[in-house]
Every structure is written in C-alpha cells, then in structure tokens.
1. Take the range 378-389 and flag every residue that is touching a His at 6+ places or on another chain (Cβ under 8 Å) and farther than 11 Å from THR414 by Cα.
2. Hey, does the range 93-107 have a residue that's in contact with a strand residue (DSSP E or B) (Cβ under 9 Å, 6 or more places away or on another chain), crowded, with 17+ Cβ neighbours inside 10 Å, at pLDDT below 95 and in a helix (DSSP H, G or I)?
3. Determine whether LEU87 is of a type outside the set (Ser, Thr, Tyr), within 24 Å of ALA258 (Cα to Cα) and more than 11 Å from the chain's Cα centre (by Cα).
4. List every residue pair whose Cβ atoms sit under 8 Å apart, with the two residues 6 or more apart in sequence or on different chains, where the first one lies in the range 382-407 and is under 17 Å from ARG29 (Cα atoms) and the second, anywhere, is among the aromatic types (Phe, Trp, Tyr) and assigned to a strand (DSSP E or B).
5. Look through LEU89, LEU136 and report the one residue that is surrounded by fewer than 16 Cβ atoms within 10 Å (Cβ to Cβ) and either at positive phi or not acidic (Asp, Glu) (or both).
6. Run down GLU30, GLU83 and say which single residue is open to solvent by less than 50 Å² (accessible area, probe 1.4 Å) and either in a loop (DSSP other than H, G, I, E, B) or over 29 Å from ILE404 (Cβ atoms) (or both).
7. Could you figure out which of (1) touching a residue at least 40 places away in the same chain (Cβ under 8 Å); (2) surrounded by 22 or more Cβ atoms within 10 Å (Cβ to Cβ); (3) touching a helix residue (DSSP H, G or I) at 6+ places or on another chain (Cβ under 9 Å); (4) of a type outside the set (Ser, Thr, Tyr) isn't true of LEU192?
8. Pick from the range 33-54 the residues that are out of contact with any Asp or Glu (no Cβ under 6 Å at 6 or more places or on another chain) and among the β-branched types (Val, Ile, Thr): which of them is most open to solvent (accessible area, probe 1.4 Å)?
Amino acid sequence: QRSGSVPGVGLVHAPLALLPAPFPEKEWREASELAPIFNHLVHRVSSDATFLHESLFRTKKADEFTSRILDIHSKMLQINKKEEIQLGLHRSDYMLDEKTKSLLQVELNTISSSFASLSNLVTELHRYILSRHGKLLGLDSKRILANSALDQYAEALAKAWSEYNNPRAVIMIVVQAEERNMYDQHLVSAVLNDTYNITTIRKTLAEVDQQGEILPDGTFSVDGEAVSVIYFRAGYTPADYPSESEWRARLLMEQSCAVKCPSISYHLVGSKKIQQELAKPGVLERFLENKEDVAKLRKCFAGLWSLDDFDIVGKAIESPELFVMKPQREGGGNNIYGDDVRETLLKLQKADSQEDAAYILMQRIFPTISKAVLMRDGRWHKEHAISELGIFSTYLRNKDKVIINKQSGHLMRTKISSSDEGGVAAGFAVLDSVYLT
C-alpha cells in the first residue's frame, strides 16, 4: 500500500497524459531557435558579477536563500576563482498565449532542469499508442515530435567529463535526501555508463559535507573518488539546506576544480529577479551584440516588473487575476495567484519593509484549453487542460572555446486548466509529448 507514496518504497508510474498535446509547428520552431541564444545569454550574464550583485542587491536583503547563494558567489570573486569549463543543462519554459497568439517565456531554469529522461519515454509511449490506435483516434504518430533529450543531456555531461581529462574521475549527481524523481536521474546515469563507460555516484549535500575534500591540486574527492563533474539535481530550494552542513558542502564544491552543472553564477542567472531585470528596455544589449537575437528574445518576454513599480502594483491590486507573483524559487508550488496576489501586495505595502524585493510580478499567460486524459496513481480522468512547453538546451565551453551550444530536446507538461501551479514532481501537472499542428 505504501508503494510509490514513500520515497524509495516501491514504484508508481510518473503522472502522464494518455495522448499527446497539440502544439503549432511555427511556435515550436520559434522556441527551438531561442535555445542557443538563451544559452549564450546565460553565459554572458554569469560573467558580469557587477550586474548580478546590483540586480540582486535588494533581493539579498529580503530573501535569505538568495543571500546565501550570493555570499558564495562573492567568496569565489574574492579568491579570484575561474571556472574554465562551464556546463549548462538548461530548460526554458513557454506558454502560448491564446489572445495574442504569441509564445511567451514562463521561466528559464539553470539548475536541476528535470525530466529529460522521462519526457523521452512519454514521447515513445505516445508514438507507440498512435502507431496502434492512430486510425481510430484520427491521429498520425508521425506528427509526434522526436525527442532525444536524454541522449543529449548524457552527451553534454560526457563531453564535460572528457574536457576535464581525468579518465579515473566520476560524475557526481547531487540529490535530495528523499528523492522521488530518481528514475529520471538514473536513466542519464545508465546512458553515461553504457555509451561512454563513465561511472556516476549519487550523494546528498550532507554526504558531500561528510565525505568531500579538496586535494592540494584542487581535485574534488568524495569518499576517496576524484570527481570531474558535479551535476546538481538538488540545492535549488531552501528545503535542501536544513542545516549549515549543506551550505558547507555547496561552498566546498564551488571552491574545487570540478566542473559544476551549474556553477554558482549560472545558478544566480536563473533567478526570477534576473529574468525580470533582463526584460527591462536596453538591458539585453549589454550582453548581446546581435540585434536579431535581441529582437527574438524580446518577443518572447512576458510582462515582468519589480514591486517598486507602483503603477503596476496598483494595477495588480485592482485586477489580480491578470498577474502572477513569483518568489525567487524553483520547483513548482511557490507562486501566488488570484485574490492572494492582492492580499500579499496590500500586506507588503502596510509592512513597509524590504520584503517586497523577494518577489517579482509577471503578466499572467492564458493558453488555449483542450481536452486531455490525465493519468496519476493508476487512475485516469478526462479534463480540460492547458500545456506548457519546455525546451532543453546544452551548453559547454572550455575557456574561450564553445564546444556545445544547441537545442537538446523538449518537455511538454499538461495540467487541469483550473490549476495555477505547474510542477509535475510537486503534484500539479503530468508529463506529455508534442503533437505538431
């Protein structure tokens, strides 16, 4: 009976849609073309310490988690720590706004971008279903978009391992203590082992603190094994740092020579506040020379505002249903919607504190509603649903040489249209695939 309900006890299938979600080909291509531009942008922004610290200055005072991440970044600047090899496994999430018919970015994930493996499997499942029952359903299995996210994530990790150039070193996956999403991670490990003959180890932040050390030559060693690449699938939420032990582990890893996926600066670029700062007029030009690239990015930006924009705050109090309030958090289940937006804003105004800097306001996107069959815990139900497209991308550079910069597969998540939140692991959405229209 406890199967699947307790991490590590038994199994339960991942929440999934029975049939693929329709998505227009034109907007799909648009999202795919943005991937290498966003990769390049993340790298350029991560290299500008002044911009990061100035943008997050107020957030640092209001949000302890962001403050701790920034402190580690500052320490790396003080010791002049250079990350020669930079690896990014990113995912940019989009929704198609029904009214304007425009593709709008929800967020950019630079740490623990999950479901490369399971989205691959759901794509294969849907292709199989349509190859058997497509005629009956009036659907063509060839319209389901091919998805190689798993292989491309593994390839990027393997190439980073290769650039590090220590054939005896392992790749370490940093995981949560009670990890429910272990199979999504395990499949990446399986490809690394089978295709590239690379060993992976799994450690929690607490275990890294207990077993990790930096050798005199800068090599990061955990339990006696040299680590070439540290792949974070934890460390993106305050809940991952219940004690000082976890923070010690994060600092220790950052000080080492191992390749971090992501480095502390890449992690900071993924914060909501940086997303909002980049949407301000003239800011993208600070990082990108190509005018076409700037125009493409601008086109996909939804309205984003800080809470010191009093006009917008006034509008959000008046019409809270048109806005989403977002804290500096990843992983689903953290955003504020509807009347709660009004209440939170009014509370912050009364408090007259720095706390408003912990949030941003974002335009609410209203995607097309379609019918879907959603499956969770072995039960299915028909629902009116909306979908969110995630585009995976991989980026690897060694000093000035860019080795990989490309779109690397996709993730479709579908949820009941009345649900505000969108995380699969957080229990709101299901995994889906893309049916091109």
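The values are calculated or read from the model by the stated rules, or taken from the named source; none is laboratory data. No experiment lies behind these values; they were computed from the predicted model shown. Positions of Cβ are generated from backbone atoms using ideal geometry, with glycine treated the same way; all protein chains shown enter the neighbour counts. Calculation scope for accessible area: heavy atoms of the full protein, side chains included, ligands and nucleic acids excluded. Shrake-Rupley method; radii C 1.70, N 1.55, O 1.52, S 1.80 Å.
1. GLY378
2. Among the residues of the range 93-107, not one is in contact with a strand residue (DSSP E or B) (Cβ under 9 Å, 6 or more places away or on another chain), crowded, with 17+ Cβ neighbours inside 10 Å, at pLDDT below 95 and in a helix (DSSP H, G or I), which makes the answer no.
3. Yes; evaluated as a whole, the condition is true for this residue.
4. Between residues of the range 382-407 that are under 17 Å from ARG29 (Cα atoms) and residues that are among the aromatic types (Phe, Trp, Tyr) and assigned to a strand (DSSP E or B), the close pairs are SER387/PHE23; GLU388/TYR94; LEU389/PHE23; LEU389/TYR94; GLY390/TYR94; ILE391/TYR94; ASN405/TYR395; GLN407/PHE392.
5. LEU136
6. Answer to the check: GLU83.
7. (1)
8. We begin by selecting, within the range 33-54, every residue out of contact with any Asp or Glu (no Cβ under 6 Å at 6 or more places or on another chain); these are 33-36, 38-54.
Next, only the ones that are among the β-branched types (Val, Ile, Thr) stay: 42, 45, 50.
Details: VAL42: 2, VAL45: 0, THR50: 79 Å².
It comes out as THR50.
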